[in-house]
Ligand code: HEM
């Protein structure tokens, strides 16, 4: 039988490991902070306010009714996206965005696009089951 | 029938009863969402998919959380055989949860969002949930008094409650620009918190299930055995470190991915044990299958096996590359939240809410058919999502640039079977839930003095 003491030691050890891992990640985030433009922050706010994420994914995470938008900016270009946002589609509501709001969303999508590639075809698969970008 | 008692509706039971209302509500919106897959633009003007999805997902997640809390409270009090530390605090906790959940669902109707998975509600509404949870922890610790010499389920309840609070708070770090200013940083922390949060509510639910299993089998030794603790520590280890399997394709630190990959593979130990115990599980099942609550535990066992196999495969980055962003993920999410969480919670609900103000006899057939209907249709539902996912995966990996809309057309037959199986599934679950709810509502309305019978369900 594991003794009471052994169990306590184990749980304390795991908890300390978890907390250290958390603090390490908060301190050394994958990317150094860049200040981002106000327009881009506005875009992020709009993205959340209209819950775009319920129908769209970024990096494959989100709802599944619409396409992944991580790299839509470089794939389609700003004019195409602006047109989509202005008109809506059969499924996507027409949000009646102002000019400025569309600019903000574009700034956000551009920032997203620059953060990396979400296309699974761009990855290389290793023998040990890991993947490489 | 067992002994007569005059037990009144208690606060822990009200948590469970509220959960049952939430799941029915959530099921209806699941069906609406599935219809929107088939009929593009359905209800676009006033109930578009960005409202329906959170209405569905939040309701069912609240069902899971509030019922897990109700089950935990019921069994803590049964286990300690003591009075609760504060019956006021638990009432405040219930009121905070119920009113906040209602406010959240109303905000979705009006299109007011926080807009992040999985908590798509405005961040202010998280405050009363945090407050309710803090009260829960205080009340729990004061009731249980010491953390020494307890069976494994008490450890699970304790870690579940503490880690839920931690991860819930962590999931709001994005409000600080330090985290939010870079999407990769933001998503790394977001999925760190959600990954562990799911593990936390699972701790509560699995703890209750082990308690319930002990109660049914009369075997108190298991919950203090080495194997029970070994499984618990494996679960906790995964709760803490396996969350990176959600973000293999995110360009974040590589070590996060390697750690998660390795840690996720320790779940093979759990699979191994299930296979090793197969025969004894089966004979145990045959003996107890006549009890409703046991039946749900048995169903969850099968779903644990199927979903764990899928989950372990998806935790291998090379396979995840194919399944990520497809409906295979949805099969995994709904497979576990319905097959495992909902089945276990129904077992708990059946056991705790079976004191009756009506006779359950006329409903037994309905409940039994509901059980089988739900499980069979869940299988079709699950397989439909997996097939749709495989097809989407082929599309994602193909070098031809087939348009998104065309790919969705190809998946349509499987969305039809998803919709039909889902509607049947919802019907099955409602058949199971209806008598329980009706009975409890009558118990509440029952003028005092009437005797309540305990029915063997
Ligand atoms: C108790 C039962 C259920 C639970 C616990 C449940 C849980 C969930 C969860 C957690 C998600 C989020 C999935 C993800 O992001 O990967 C989800 C999504 C969804 N569920 Fe359910 N679900 C239930 C029943 C149903 C039923 C009966 C239907 C339909 C007939 C349904 C239809 C949907 C749809 C359409 C989505 C959205 C998928 C998307 O993002 O495109 N659900 N459900």
In segment B:101-136, residue nearest to the other protein chains (Cβ to nearest Cβ) [restricted to those that are away from the ligand (no atom under 16 Å from the Cβ) and under 20 Å from the mean Cα position of the chain (by Cα)]: B:126
Test result for residue B:408, within 13 Å of chain A (Cβ to nearest Cβ), within 13 Å of the ligand (Cβ to nearest atom), over 28 Å from the mean Cα position of the chain (by Cα) and surrounded by 20 or more Cβ atoms within 10 Å (Cβ to Cβ): yes
Test: residue in segment A:104-125 that is surrounded by fewer than 19 Cβ atoms within 10 Å (Cβ to Cβ), more than 14 Å from the chain's Cα centre (by Cα) and more than 9 Å from chain B (Cβ to nearest Cβ): yes
Residue in segment B:413-421 that is part of a helix (DSSP H, G or I) and out of contact with any helix residue (DSSP H, G or I) (no Cβ under 7 Å at 6 or more places or on another chain) present: yes
Yes/no for residue B:371 being more than 15 Å from the ligand (Cβ to nearest atom), on the phi < 0 side of the Ramachandran plot and in contact (Cβ under 8 Å) with a residue 60 or more places away in the chain: no
Unmet requirement for residue B:81, which otherwise passes all of (1) surrounded by fewer than 19 Cβ atoms within 10 Å (Cβ to Cβ); (2) touching a residue at least 12 places away in the same chain (Cβ under 8 Å): (2)
Check on residue B:329, part of a helix (DSSP H, G or I), within 16 Å of the ligand (Cβ to nearest atom), within 14 Å of another protein chain (Cβ to nearest Cβ) and modelled with pLDDT of 95 or more: yes
Test: residue in segment B:308-322 that is within 15 Å of the ligand (Cβ to nearest atom) and away from chain A (no Cβ under 13 Å): yes
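For segment A:49-90, enumerate the residues that are within 13 Å of chain B (Cβ to nearest Cβ) and surrounded by fewer than 18 Cβ atoms within 10 Å (Cβ to Cβ).
A:49, A:67, A:75, A:76, A:84, A:88, A:89, A:90 - these are the residues of segment A:49-90 that are within 13 Å of chain B (Cβ to nearest Cβ) and surrounded by fewer than 18 Cβ atoms within 10 Å (Cβ to Cβ).
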Residue satisfying condition, being outside any helix (DSSP H, G or I) and away from chain A (no Cβ under 14 Å), within set B:358, B:380, B:402, B:348: B:358
Residue B:111 vs. criteria touching a helix residue (DSSP H, G or I) at 6+ places or on another chain (Cβ under 9 Å), on the phi > 0 side of the Ramachandran plot and in contact (Cβ under 8 Å) with a residue 12 or more places away in the chain: yes
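The values are calculated or read from the model by the stated rules, or taken from the named source; none is laboratory data. Given the structure is predicted, the values throughout are model-derived calculations rather than measurements. Quick reminder, even Gly has a Cβ in these numbers, built from the backbone with ideal geometry, and neighbours come from all protein chains shown.
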